[in-house]
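The structure under discussion appears below in the form of structure tokens.
Derivation of every value follows stated rules applied to the coordinates shown; laboratory data play no part. All figures in this text were calculated on a predicted structure; none of them were measured in a lab. Cβ sites come from the backbone with ideal geometry, for glycine too, and all protein chains shown count toward neighbours.
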Amino acid sequence: MNQQIAISDDPKRRILKDVFGFDDFRPGQATAIETLLAGRPVLTVMPTGAGKSLCYQVPALVLGGLTIVVSPLVALMQDQVAALRLAGVAADTINSSIDRDENIAAWQRVTAGETRLLYLAPERLMTERMLEALARTDVRLIAVDEAHCISQWGPAFRPEYEQLSRLRTLFPGVPIIALTATADEATRRDIAARLFAGQVETLVLGFDRPNIKLSVAARNDGKAQLLDFVQRHAGKSGIVYCLSRKKTEETAGFLERSKVKALAYHAGMTKEMRDTNQNRFMTEAGVVMVATIAFGMGIDKPDVGYVFHTDLPGNLEAYYQEIGRAGRDGRAAEAHMLFGSGDIRMRRMFIDNEEASDEHKRRAHGRLGTLIGYCEAGGCRRQILLQYFGEEAEPCGNCDNCLDSAPLKDGTREAQSVMAAVLQSGERFGATHVIDILRGAGTQKIKERGHDMLDCFGSGATRKKEEWTSLIRQMVAAGFLAPDDHGGLAITERGEDLRRGTSLFHFREMTPRGKVRADVAALGDGGDPGMLAALKAVRLRLARERKVPAYVIFSDRTLIDMAALCPRNVSEFAAVNGVGAAKLKDFGPVFLAAIAAHGT
């Protein structure tokens, strides 16, 4: 009774329950919402699957008027609009993929005050014509999704996002929320400076996903390694990420020929084919989606058992975002990555060919080096990953380095030589120059700066450049060295302990690891699998009738709850997690009939 009174007295909780069908907020959501309702801007960094969308959808409905949502992907905007409409929320999008008459009708609903949330790509929002038109409407909230795109240090920088820095002056007094799943400290500072002129409250939830086992292996026979991994996870849904569209098609075909139920997904396919494959992945058991990074944003499938990278991602933020699509139901999952020297060359070429400033390229190369250091590291991978995002952790016992007893080498002396070169050259130079000092290279840069006169010059001449490169990457990954915004290496507080000889450094020389150890046995779903399959079939039929992705009807999490509770009437169906008033009315009778039919 007390909870019902609290909900009725609190408009944000009433909307959460009545519209979205949830009894309580997840960690961080209420704080973000309360900040916005108080009229203050907020930068929200939440892991994939933590429920970022509700952080602006709930206050949008509490505040009334119009909320503008900036989103980078047309498909994601359309899916979110469809999901909101099914929940009974007046939402619209105006974009280039929609018929002109539909766009006009959508704008008429906006000007009539009917639309609560309007989804726009940054390119369309920031045209003078659109800005002038929106200035005449009742804008009460602005949400910038995938906010790392505004940062030149982010994993997916988009120039068109830069113009969003004008929003705070164009709409004074309107609170702005920026949301992202992947932003290290430098990216967060950049977002705060560009979008909020530094005046913003930042909410960062923990990045740890302890149920995901992390593993990396050098590529020796990529197809065989992939097939071995997939077959050991037979019956589970998984995502296999490939670098190119061509490789995506080839890999999906290879798995199909190997009797694995695999589908392809990339931006070069028609929307109809992408939607068909996405619906199969959401609905059928044991489907493997082979995809480029075009697949993933907004996908609410909690039971993805693994993410497999056939190629090196762009950086640790991108890697974290992509592996975060596994194990969102909290059950055991695995993220496995292959990498080789060819990946590194390809990624470096991508960076060098970017139309970006030299400073941006230096930073991108530094981030790539950090990712390579993660791959080559001998210590706990989770510690390294969390440390990158500013969190401390104990060894996890759930990564290949914690589980694998492969010997580590004592590299304390070599690490101290590196730090001597870093310190004596002024903690201003990157790894390449530091290695040239250690190896006694007679480069013009070394001669001009007099670094050939340093005590450490030539002290590491017996080691190859590649060996020093790997060792320095592992020192950065382990937190003994830290790159600045320009790529220069500096000694950290932890590194000072190592330099003084009060701690040790152990490193791993990468050797081909073709196979990875088997998973800890995954927990079963529980409940009646036949009931869940029947509910998924109903969901797919409804999705096809409405021409929306299956997860827009109900998430897997909701169907699992439905199968466990087996509601017998409308009142019991309303208690299912994720069933709001509109979906109760539209879908309740259909799913109740399916449940009853399955039980007879």
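Laid out as a table, the results:
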{"item": "Rounded, prolate or oblate (a/c below 1.5 giving rounded, otherwise prolate when a/b exceeds b/c) for segment 212-403 by Cα gyration tensor", "result": "oblate"}
{"item": "DSSP bridge orientation in the chain - percent antiparallel, rounded to nearest 5", "result": "10 percent"}
{"item": "Relative exposure of 204, 110, judged by other C-beta atoms within 10 Å (fewest first)", "result": "204, 110"}
{"item": "For the chain, calculated [θ]222 nm from helices alone, where every DSSP H run of n ≥ 4 adds -39500 (n - 2.57)", "result": "-13500 deg cm²/dmol"}
{"item": "Sites residue 280 and residue 102, calculated FRET efficiency, Cβ-Cβ separation with R0 22 Å, nearest 0.05", "result": "0.20"}
{"item": "Dipole in debye (nearest 20) - the chain, about Cα centre, beta carbon charges: Lys, Arg +1; Asp, Glu -1", "result": "900 debye"}
{"item": "Computed label-point distance, nm, for sites residue 565 and residue 90 using a 7 Å Cα→Cβ extension", "result": "2.9 nm"}
{"item": "Spacing of the two label points (7 Å from each Cα toward its C-beta) at residue 586 and residue 218, in nm", "result": "5.4 nm"}
{"item": "Long pairs among 52/246; 271/536; 246/445, criterion Cα-Cα beyond 30 Å", "result": "52/246; 246/445"}
{"item": "Relative exposure of 107, 468, judged by other C-beta atoms within 10 Å (fewest first)", "result": "107, 468"}
{"item": "Of 12/301; 236/583; 213/465; 223/409; 301/583, those spanning more than 22 Å from alpha-carbon to alpha-carbon", "result": "12/301; 236/583; 213/465; 223/409"}
{"item": "Stretch gain in nm, segment residue 202-residue 356, where the contour uses 0.36 nm per residue and the Cα spacing is subtracted", "result": "52.7 nm"}
{"item": "Computed E for residue 37/residue 443 - FRET, C-beta separation, R0 56 angstrom, nearest 0.05", "result": "0.45"}
{"item": "Alpha-carbon radius of gyration plus Dmax, which is the widest Cα pair, for the chain in Å", "result": "25.8, 87"}
{"item": "Ordering of 317-323, 346-352, 535-541 by burial proxy (mean other Cβ atoms within 10 Å per residue, highest first)", "result": "317-323, 535-541, 346-352"}
